[in-house]
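No value in this document is a laboratory result; all are computed from the given coordinates. Fair warning: this is a prediction, and the values are worked out from it, not measured in the lab. Quick reminder, even Gly has a Cβ in these numbers, built from the backbone with ideal geometry, and neighbours come from all protein chains shown.
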Amino acid sequence: MRLRRIIKENHGSDVNQLGFFFNNKNFSAPVGIDVRKTFDKRGSVQREQTDTSNVLATVGGCQLNVYDNEHCGDHLDIMSNFDLSLLQDKQEDPVRRELHTFCWLYRENDAWLALAGTDGLIHIVSLANSREINILHGHTKTIHDLQTHPSSDNYILSTSKDGTVRLWDVDAKRCLVIFEADATVTCFDQTGEKFISGNSRGELREWIIPKDIIPIENEDEPLIITKKDSKLFKKYNGDNYIGKYFVGMDRKGI
């Protein structure tokens, strides 16, 4: 076991989230002690194009940093940086914007990240092009959480302080469903047919995602699912705030 060099982030504030891009939906291979690496003549690790597990991202303050965890010796090297404050007109909008959450989205020959925070927007960033390529509009307050659909990187779930959770079609740049969920965090189940939300009062709710959501041409209004259509679980956390959590799964289900 080796202690790698400690990295001092340049976010200038708390790191709100970090995560490797394992890309499990598009790449399947041994992990952990079962991995047997092969190297080229220059000593670089040989990887399949869809194996992105060496890439690490962090968000904090107004910045996203993306690191290479493998090809730079005994340290992490910044591959890309996105600074939300550079897009801000500070005279018209002097309030400091912060990023709270992100999720990875695989695309052929590229990796996208969906970023969100206090401005209520979802910023879609291309790692290959090192720039913002899209913005998803809809939320009116801070976005706490973003989740990628378990079977398709074209769909994401966003959780906002505005009292809604939204299901998005990223390529179409549109919101498909609005769930009237007062939530702080969400998590898909393994099928992607439903999700669980948690809120600041310790409530857990189960929400069913409508099947066969087909966008109607020239129809921009998303489907609305009300709280009465959800299932309230027991308050396992009392009245305590529910932050990040995950649903554990094996091959037989939850």
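Scoring 126-137, 180-191 by mean Cβ neighbours within 10 Å over their residues and listing the highest first yields 180-191, 126-137. Protection proxy ranking, highest mean first, for peptides 164-174, 112-122: 112-122, 164-174, where packing is the per-residue count of other beta-carbon atoms within 10 Å, averaged. Applying 0.36 nm per residue to the separation of residue 109 and residue 229 and subtracting their alpha-carbon distance, the gain on full extension is 39.2 nm. Dividing the mean sequence gap of close Cα pairs (under 8 Å, 6+ apart) by how many residues the range 134-198 holds gives a relative contact order of 28 percent. Phi angles of the range 181-191 translate, via the Karplus equation with coefficients 6.51, -1.76, 1.60 and θ = phi - 60°, into HN-Hα couplings of 10, 7, 10, 10, 7, 9, 7, 5, 7, 5, 8 Hz per residue; Gly and Pro are given as x.
Label zone of residue 86 (point 7 Å out along Cα→Cβ, amide N under 16 Å): in the range 117-133 this covers 123-133. Hey, for a label at residue 193 modelled as a point 7 Å past Cα toward Cβ, could you say which residues of the range 144-162 have their backbone N under 16 Å away? The answer is 150-152, whose backbone nitrogens lie closer than 16 Å to the label point. The HN-Hα couplings worked out from phi for the range 58-64 by the Karplus form 6.51 cos²θ - 1.76 cosθ + 1.60 (θ = phi - 60°) are 9, 10, x, x, 9, 10, 10 Hz, whole numbers, x standing for Gly and Pro. Amide H contacts for residue 79 (H built 1.01 Å from N in the peptide plane; partners 5 or more residues away or on another chain; cut-off under 5 Å): 66, 67, 68.
Distance cut-off 21 Å, Cα to Cα: go down the list 25/227; 211/231; 173/227; 161/227; 194/228; 141/227 and report the pairs above it. All intermediate terms of the calculation are to be shown ahead of the outcome.
Details: 25/227 31 Å; 211/231 18 Å; 173/227 25 Å; 161/227 16 Å; 194/228 15 Å; 141/227 19 Å.
From the list (25/227; 211/231; 173/227; 161/227; 194/228; 141/227), the Cα-Cα distance tops 21 Å for 25/227; 173/227.
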